[in-house]
Amino acid sequence: MKKTVWEFVTKKPNNPFVPNYRFVLLSGPCFTIGECREIKYYLLEKETELLKKHTHAMEGIGDGNTGLGNDSITSRFPYFSVFDFEHPFVERIRKSVLEYMEDICNITKTNWHSHLYAQSWFNVMRNGQKINFHSHGMNEDILYGFHITIETENTSTIYHNPFDTKQIIEVPNDIGTITLFPNYIPHQTTTYEGNDVRISIAGDLTESSSVPKKDYGIYRALGVL
């Protein structure tokens, strides 16, 4: 499977006040279907373990406006980091995120280097559930987010142009695929209508100077971009 570039690009402006933007998303392979099958059962065990350990969502944070509710593993994202899990897939994610961020810098002709950090969690959705329209923030430290599909059936993630939210890019949730997207891009998922589970691993990237400013979440070093 090849990497796919998705873009929101401004139309040719008719006056000097029209916003000029280019928002680049990048999708491609991260895991095989066989690897995802193993990761799926590992994460389902982790879901049970973490919900038992952390019995309540963080006050004021909840489920991060995803709509999955305070009983979901998503709502426990401030309490753990996928990068602390003792499983070989963690190193693959680390390397993939750095590789795809380097690709994005090349695509956008951005000469930028920094120590990257990430917080990472996972989502488990069951029949009738979806992630609601939301974004991961808009501030002076905002960077990219990522999403990896581990298990699903006929779902997509829908990204919205921040300047015109009716303009969308719908990315199919192919098992084993990673997508990196600007973290201020509003996004949501289609409803999971299968009888098993939809599992994804997600994360927020930041660079070293902004890590101490975070007031929740567990950030781990990924490496130098």
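Looking at the stretch 183-195 only, could you name the residues that are touching a Ser or Thr at 6+ places or on another chain (Cβ under 9 Å) and surrounded by fewer than 21 Cβ atoms within 10 Å (Cβ to Cβ)?
Residues satisfying the conditions are Tyr184, Ile185, Pro186, Gln188, Thr190, Thr191, Glu193, Gly194.
Select, from Ile175, Ile150, the only residue that is open to solvent by less than 60 Å² (accessible area, probe 1.4 Å), in contact (Cβ under 8 Å) with a residue 40 or more places away in the chain and assigned to a loop (DSSP other than H, G, I, E, B).
Ile175
Could you list all residues from the stretch 178-210 that are in a strand (DSSP E or B), among the polar types (S, T, N, Q) and either at pLDDT 95 or above or in contact with a Pro (Cβ under 8 Å, 6 or more places away or on another chain) (or both)?
Hits for the stretch 178-210 are Thr179, Gln188, Thr189, Ser200.
Taking into account only those residues within the stretch 153-172 that are open to solvent by less than 50 Å² (accessible area, probe 1.4 Å) and assigned to a strand (DSSP E or B), which is farthest from Ile131 (Cα to Cα)?
Per the stated criteria, the residue is Asn161.
So, Lys53, is that one under 17 Å from the mean Cα position of the chain (by Cα) and surrounded by fewer than 18 Cβ atoms within 10 Å (Cβ to Cβ) or not?
No; evaluated as a whole, the condition is false for this residue.
In the stretch 20-33, is there at least one residue being free of Cβ contacts under 8 Å to residues at least 60 places away in the same chain, open to solvent by 30 Å² or more (accessible area, probe 1.4 Å) and closer than 27 Å to Ile169 by Cα?
Taking every residue of the stretch 20-33 in turn, at least one turns out to be free of Cβ contacts under 8 Å to residues at least 60 places away in the same chain, open to solvent by 30 Å² or more (accessible area, probe 1.4 Å) and closer than 27 Å to Ile169 by Cα.
Quick check on the stretch 5-18: of everything there that is open to solvent by less than 60 Å² (accessible area, probe 1.4 Å) and either part of a loop (DSSP other than H, G, I, E, B) or among the charged types (D, E, K, R) (or both), which residue is nearest to Asp164 (Cα to Cα)?
The qualifying residue nearest to Asp164 (Cα to Cα) is Thr10.
Residue by residue through the stretch 153-172, note down the ones that are free of Cβ contacts under 8 Å to residues at least 40 places away in the same chain and acidic (Asp, Glu).
Asp164, Glu170
Is it the case that Asp63 is of a type in the set (Asp, Glu), open to solvent by less than 80 Å² (accessible area, probe 1.4 Å) and within 16 Å of the chain's Cα centre (by Cα)?
Answer is yes for this residue.
Only one of Gly62, Gly69 is without any contact (Cβ under 8 Å) to a residue 12 or more places away in the chain, assigned to a loop (DSSP other than H, G, I, E, B) and of a type in the set (Gly, Ala, Ser). Can you tell me which?
Gly69 is the lone residue from the list that is without any contact (Cβ under 8 Å) to a residue 12 or more places away in the chain, assigned to a loop (DSSP other than H, G, I, E, B) and of a type in the set (Gly, Ala, Ser).
The values are calculated or read from the model by the stated rules, or taken from the named source; none is laboratory data. In this text, all values refer to a predicted model and were calculated from it rather than measured experimentally. When we count neighbours, we look across all protein chains shown, and the Cβ atoms used for this are built from the backbone with ideal geometry, even at glycine. Areas reflect the complete protein model, heavy atoms only, side chains present, ligands, DNA and RNA absent. Shrake-Rupley method; radii C 1.70, N 1.55, O 1.52, S 1.80 Å.
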